[in-house]
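Before any comments, here is the structure.
The values are calculated or read from the model by the stated rules, or taken from the named source; none is laboratory data. Note that the structure is a prediction, hence the values are computed from the model and not measured. Note that each Cβ is placed from the backbone with ideal geometry, even for glycine, and that neighbours are counted across all protein chains shown.
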């Protein structure tokens, strides 16, 4: 099946710094990418949806200036957590859906664990 | 907005036992329903899905789920679990109107003992 990668798989940073997480679709063109956040023992919460070449659509309650999403190409989307604080520590998962595939062909990356000290 | 409830947070079963994980959703419109599995250290994978037609759907690895519209439920079943089924299971719902966003349940951690 299609593969979605994320880099890094884990990152530790100091409070106030920014962290960039990359999400790549390795063998298909992802017209739509999704970014989720997962707290321990909780569900995946959708943060934003991005279509290639256009601005991301953020879910209610998600600060777009804090979580910058760029979907510059059909194989790459990035999430930048700006001025990270300990409460931003979480597991971030990206998901990609390809062009031409059915609406159910949404593939998930392995996730990135962010720890903010 | 839709919501998804998974009432079993942690289930422990012996090998060969039968499995049923509950999933209920709240939404008045037409939905697509999914079950995903996340094995330890791996990414989410699709187990099965329901869009329309036969409400009993069969997925990979011997799993099946039944959509009961009147109960807003989509429970996952497997007649005989294996140790390798140890994983986290997520039910998800997608509103066919927006057709873009998945809403996930909180997940059920299944632990199968030998």
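If I ask for residues that are under 15 Å from residue A:9 (Cα atoms) and surrounded by 19 or more Cβ atoms within 10 Å (Cβ to Cβ), which ones from segment A:82-99 would you list? Those that are under 15 Å from residue A:9 (Cα atoms) and surrounded by 19 or more Cβ atoms within 10 Å (Cβ to Cβ): A:90, A:92, A:93, A:94, A:95. Taking the condition in contact (Cβ under 8 Å) with a residue 60 or more places away in the chain and touching a helix residue (DSSP H, G or I) at 6+ places or on another chain (Cβ under 6 Å), does residue A:3 pass? So residue A:3 does not fit the description; no. For the residues B:108, B:103, B:96, the requirement of being surrounded by 12 or more Cβ atoms within 10 Å (Cβ to Cβ) and either away from chain A (no Cβ under 12 Å) or more than 19 Å from residue A:43 (Cβ to Cβ) (or both) singles out B:96. One residue stands out in segment B:1-19 among those that are away from every other protein chain (no Cβ under 12 Å) and surrounded by 13 or more Cβ atoms within 10 Å (Cβ to Cβ): the one that is nearest to residue A:38 (Cα to Cα), namely B:8.
Of the strands (runs of 3 or more DSSP E) contained entirely in segment A:6-100, those carrying at least 2 residues that are more than 14 Å from every other protein chain (Cβ to nearest Cβ) and free of Cβ contacts under 8 Å to residues at least 60 places away in the same chain fall at A:67-73, A:76-81.
Residue-level check: of (1) at pLDDT below 95; (2) over 26 Å from residue A:3 (Cβ atoms); (3) touching a strand residue (DSSP E or B) at 6+ places or on another chain (Cβ under 8 Å), residue B:28 misses just (3). Restricting attention to segment A:25-43, which residues are at pLDDT below 85 and closer than 30 Å to residue B:7 by Cβ? Within segment A:25-43, A:39, A:40, A:41, A:42, A:43 meet the criteria. Comparison of B:80, B:52 shows that the only residue that is out of contact with any strand residue (DSSP E or B) (no Cβ under 6 Å at 6 or more places or on another chain), within 14 Å of chain A (Cβ to nearest Cβ) and outside any helix (DSSP H, G or I) is B:52.
For segment A:32-49, residues that are buried (at least 17 other Cβ atoms within 10 Å of the Cβ) and out of contact with any strand residue (DSSP E or B) (no Cβ under 6 Å at 6 or more places or on another chain) total 0. For segment B:38-61, the set of residues classified as surrounded by fewer than 14 Cβ atoms within 10 Å (Cβ to Cβ) and either without any contact (Cβ under 8 Å) to a residue 12 or more places away in the chain or farther than 24 Å from residue A:96 by Cα (or both) consists of B:41, B:42, B:52, B:53, B:54, B:55, B:56, B:58, listed by residue number. When A:22, A:63, A:52 are checked against the criterion of being touching a strand residue (DSSP E or B) at 6+ places or on another chain (Cβ under 6 Å) and modelled with pLDDT of 90 or more, A:22 stands alone in meeting it.
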